[in-house]
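Trainee: I am attaching a structure below and will ask some questions about it afterwards.
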Amino acid sequence: MVKKLAINPNIKLFNFLKLVIVQIVLLLFSFCAHAQVRVRLFANQQSGSALFTVTEGRYELDVHDNKPIPLSKDDAVVFAYINGKVAVKTLNQQSFLCDSLVVSGMTGEDGFSLRITGRTSARHYYDGNLQCLPDLGKLVLINICSIDSYIAGVVRAEGGPGKNIEYLKSQALLVRSYLYKYLYRHVLDRYNMCDNVHCQAFNGVTADSLIHRAVTETHGLVVLDHDSIIISPAFHSNCGGETSVSEDVWLSGHSYLKKVIDPYCTASRNAKWTRSLTLTEWKEYLRKSGFLQNPSDPSAYNFSQITRLPDYRIGSFSLPFTKIRNDMGLPSAFFSVTANNGSVTLKGRGNGHGVGLCQEGAMVMASKGFKFKQIIDFYFSDVIITDIRNVKKEMNNF
């Protein structure tokens, strides 16, 4: 009779940690050696299956220990999660299960479309390679693409309608800074960035030549603080004429994210807004937020926010404007309150959190002849624009 050997739990832990370290090393090597980034696609969706279609070039579907399957333009493949495996079905009805797979471009000018099946969402278009993994009951889709292609795609998704090259350069600079600052945020998940607002919005490649030019002409440049550490590159749609200090919006403050009086965005599309509700609704909201008084005079609820302030106040009661904004889904936390005749009007300025670069203000600055370095210096205090190689390494990337 053969005895079964008991496995020391410390050995299990050691093997697990060894696997994690190997994954981290592989991710770091891939990034450094090939200047590529790994982006998880459809990260905020429960991806049970996806339709992959070759749109440019040629691909090979590579499964470990199996002969690669060639894919030409217009060839389609369905990937699905089944019982902890990746199920694959090609157009010629070839089907099989595997632990993971990579679809690799073969010409250097390869592209594909991807769509989550069973949904009405539009196809998204990508270049580079695609890796498929099963994880926690769903399909994980990872686009392995060049850093420049990724940055261009994010600028298109996050940058708004700006068409001036200097504005696009400023946006590319912030997108690249964000990428490098948080490059290893998802390293234990085997990718660098996700494609939603948890990291940066990324809907795939863009054909916009001006965006690609902006990315190329700022190649390798990032924004550093006075300690040579990459900044938190915050931006928003419109500040309403005045940006916010970071500590009024987030838990921590940064010396380079100070209040800036911005005359450039005040005539732009998102500069002003108005929201109306009944006085009863406003009172009920305040009651739920801890205000237990009931003033008979509606004017007691009035509050004028001419310059950005952290809190709405009635007597000794205060409530952060950022909380009101989040609770009510308001465009910004920069608004005044006027109550009369049973109604309340919230008259606001700006759109977004108000910290860092104001996109509509930056667009106007660019149209007036300001260069991207001047735009960055206007919205961020005491910063340095330099090559990524001059960055002081940070541990908080993990």
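Trainee: How do 328, 363 line up, fewest other C-beta atoms within 10 Å first?
Mentor: Taking fewest neighbouring Cβ atoms as first place, the list is 328, 363.
Trainee: Still on this structure: Under a GNM of the chain (C-alpha, springs under 10 Å), which listed residue has the highest mean-square fluctuation: 223, 364, 337?
Mentor: Per the Cα network of the chain with a 10 Å cutoff, 337 tops the list.
Trainee: Binning every alpha carbon pair distance of the range 314-398 at 5 Å from zero, what are the percents per bin?
Mentor: Values per bin, smallest distances first: 3, 10, 14, 14, 14, 13, 12, 10, 6, 3, 1, 1, 0.
Trainee: Tell me, Kirkwood radius of the chain from alpha-carbon pair distances, in Å?
Mentor: Its Kirkwood hydrodynamic radius stands at 24.0 Å.
Trainee: On to the next question. From the square roots a ≥ b ≥ c of the eigenvalues of the alpha-carbon gyration tensor of the range 20-194, which class results: rounded (a/c under 1.5), prolate (a/b over b/c), or oblate?
Mentor: Prolate, because a/c is 1.5 or more and a/b exceeds b/c.
Trainee: Pairs 73/163; 181/371; 258/323; 181/368; 323/368: which are spaced more than 27 Å apart, C-alpha to C-alpha?
Mentor: 73/163; 181/368; 323/368
Trainee: Let me ask you something else. Kindly express, to the nearest 10 degrees and within the range 0 to 90, the angle between helix 9-34's C-alpha long axis and the longest C-alpha principal axis of the chain.
Mentor: Long axis of 9-34 versus the principal axis of the chain: about 80 degrees.
Trainee: Counting only helical runs of four or more DSSP H residues, what would the 222 nm mean residue ellipticity of the chain come to if each run contributes -39,500 (n - 2.57) and the total is spread over all its residues?
Mentor: So the calculated ellipticity at 222 nm is -8000 deg cm²/dmol.
Trainee: Moving on. Based on other C-beta atoms within 10 Å, arrange 62, 297, 225 from fewest to most.
Mentor: Starting with the residue having the fewest Cβ neighbours, the order is 297, 62, 225.
Trainee: Same structure again: Show me 370-377, 298-305 ranked by packing, highest mean number of other Cβ atoms within 10 Å first.
Mentor: Peptide ranking by packing, descending: 370-377, 298-305.
No lab work stands behind these numbers, since they all come straight from the coordinates. Predicted model, so just to flag it, every value in this text is computed and none were measured. Cβ atoms come from the backbone with ideal geometry, glycine included; neighbour counts cover every protein chain shown.
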